[in-house]
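Here's the structure, in structure tokens; my notes come after.
The values are calculated or read from the model by the stated rules, or taken from the named source; none is laboratory data. Here the structure is a predicted model, which is why all the values come from computation and not from measurement. Backbone-built Cβ (ideal geometry, glycine too); neighbour counts: all protein chains shown.
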């Protein structure tokens, strides 16, 4: 008897979820930000600075020779070539500043690495990457 009520409810839940994938993604990101800290996901302001197609973040804690090092890796992909052609280091610094301002747990990390990645649309195996490393205490 209980299974008879459970199956329609399960179908209704799955059907409603498949119609709103944006809502599911928004829910997942909000839960992830709750766990990792407010501002973990890069803001639209950072994306707009270089008109980046995609952004991602990786948090790293490593230990070498008894020294602990914690780094934020902010990966910014396929920015507008006109914007990227001018003063990349200033753009990287501005992206780092904005990210650190928004991320509530930024003080837990010593460095932030900004990675600019450009992929050739005709040959996806042709990739260039440029990194800029800043101390978080400088911001």
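Here are the numbers for this structure:
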| quantity | calculated |
| --- | --- |
| Tally, over the stretch 110-139, of residues that are under 24 Å from residue 51 (Cβ atoms) and loosely packed, with under 13 Cβ neighbours inside 10 Å | 11 |
| Among residues of the stretch 61-78, those that are exposed (fewer than 10 other Cβ atoms within 10 Å of the Cβ) and within 14 Å of residue 113 (Cβ to Cβ), counted | 1 |
| Hits in the stretch 60-98 (condition: over 13 Å from residue 42 (Cα atoms) and part of a strand (DSSP E or B)) | 60, 61, 62, 63, 64, 67, 68, 69, 70, 71 |
| Any chance residue 107 is free of Cβ contacts under 8 Å to residues at least 60 places away in the same chain, closer than 18 Å to residue 69 by Cα and surrounded by fewer than 11 Cβ atoms within 10 Å (Cβ to Cβ) | yes |
| Which listed residue, of 95, 17, 13, is modelled with pLDDT under 85 and in contact with a helix residue (DSSP H, G or I) (Cβ under 8 Å, 6 or more places away or on another chain) | 17 |
| Within the stretch 79-100, considering residues that are crowded, with 18+ Cβ neighbours inside 10 Å and under 15 Å from residue 52 (Cβ atoms), the one nearest to the chain's Cα centre (by Cα) | 99 |
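So that you can scan it fast, the table gives a plain yes or no per residue for (1) at pLDDT below 85; (2) on the phi > 0 side of the Ramachandran plot; (3) within 16 Å of the chain's Cα centre (by Cα); (4) part of a strand (DSSP E or B):
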| site | (1), (2), (3), (4) |
| --- | --- |
| 28 | yes, no, yes, no |
| 31 | yes, no, yes, no |
| 49 | no, no, yes, no |
| 56 | no, no, yes, yes |
